[in-house]
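Reading through the structure tokens given below for one structure.
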Amino acid sequence: MLSVDQRGIACIVQAEAATFLNTSQVLFNQTVKTIQYNQNGVTVQTTDGYSLTADHALVTFSAGVLQNTDVVFEPALPDWKREAISSIEMSVYTKIFLQFKEKFWFDTGIGLYADQQKGRYPVWESLDHPCLFPGSGIIFVTVTGDYANYLEQLNKNITQVQLEVMEVLRRMYPGAPDPVDIWLPIWGRAPLFRGSYSSWGAPFVPEYSYNLSAPVNGHLWFAGEATSSKYFG
């Protein structure tokens, strides 16, 4: 899904939260370090040294964060919960945006490229389109899976990313100029996400989906896209 609203999809959640949220009760720019839980409640500690105690806590980290050691649970989560967490996969879905002085590509919304190497810059989409942002000079290409992981490793060398992308684009449009700007988001290597979205691998056991969303000891609750059996991913 592509949101053309310049406020982003987050504006939907922000508008909903504005009806009840008291910002004085929210800690911004804090990263959770440890979650301690027992029969009396939950204590959350952040990397900046803040400590919060409550009767209940709602854990909404991505499955990728839960699979890493970014957040330490004390005591460790039970085996059935950890098994469910480890059974889900976090996929990487990367879009590379290129901006040019002038549009020189297809007039339709989408163009496809076939390469001998599977997954090599196959799907191109134009934002310089009457229904989107005419005159923007922006086109983007989507890559997934192993190739997306490869590109994330190259992210610090944006020049190399541009060379690879332009090699393909010039096969489609010989003589294409260099872009005036290039940008790609990083999801797989971002410590607050560890991936773009969740997917259940094989073999899938329905019990895993239930256990992923199930609470632990009545005080630690879990939510987020991965915990939905219908809307995950």
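Observations, loosely collected:
- Listed residue (Val71, Pro177, Ala226) projecting farthest to the positive dipole end of the chain, Cβ model: Pro177
- Dipole magnitude for the chain: about 180 debye, using +1 per Lys or Arg Cβ and -1 per Asp or Glu Cβ, origin at the Cα centre.
- Taking Lys and Arg as +1 and Asp and Glu as -1, the other residues whose beta-carbon sits under 14 Å from that of Ser136 total -2.
- Entry note, the chain: the mean residue ellipticity at 222 nm calculated from DSSP H runs of n ≥ 4, each adding -39500 (n - 2.57), is -6500 deg cm²/dmol after division by the residues and rounding to the nearest 500.
- Rounded Å value of the spacing that divides the Cα centres of segment 132-199 and segment 33-93: 32
- The mean sequence separation of alpha-carbon pairs under 8 Å and at least six residues apart, normalised by the residue count of segment 93-183, gives a relative contact order of 38 percent.
- Relative counts (whole %) of C-alpha pair distances in segment 77-204, using bins that are 5 Å wide: 2, 10, 18, 20, 17, 13, 8, 5, 4, 3, 1, 0
- Each Lys or Arg adds one and each Asp or Glu subtracts one; over the other residues with Cβ under 14 Å from the Cβ of Ser91, this totals -1.
- Around His219: net Lys/Arg minus Asp/Glu count, Cβ-Cβ under 15 Å: -1
- Over the chain, relative contact order from alpha-carbon pairs under 8 Å, at least 6 apart, %: 24
- Exceedance of the 32 Å cut-off in Cα-Cα distance is limited, within the set Lys33/Lys118; Lys101/Lys156; Lys33/Lys95, to Lys33/Lys118.
- Cα-projected label distance for Ile9 with Gln39, points at 7 Å along beta-carbon direction, nm: 4.2
- For segment 22-63, averaging the sequence separation of C-alpha pairs within contact (under 8 Å, six or more residues apart) and dividing by the residue count gives a relative contact order of 27 percent.
- 5 Å binning of all Cα-Cα separations within the chain, expressed as whole percents from 0 upward: 1, 5, 11, 14, 14, 14, 12, 10, 8, 6, 3, 1, 0, 0
- Rounded to 5, the percent of DSSP beta bridges in the chain classed as antiparallel: 85
- Per-residue Cβ neighbour rank within 10 angstrom, fewest leading, Cys131, Cys11: Cys131, Cys11
- Phe97-Gln153 pseudo-label distance in nm [points 7 Å out on the Cα-to-Cβ vector]: 2.7
- In this Cβ point-charge picture (+1 for Lys and Arg, -1 for Asp and Glu), segment 93-183 has a dipole of about 80 debye about its Cα centre.
- Working from label points 7 Å from Cα in the Cα-to-Cβ sense, the Phe106 to Ser213 distance is 3.7 nm.
None of the figures in this text is laboratory data; all of them are computed from the coordinates on show. Keep in mind the model is a prediction, meaning the values are calculated, not measured. Cβ sites come from the backbone with ideal geometry, for glycine too, and all protein chains shown count toward neighbours.
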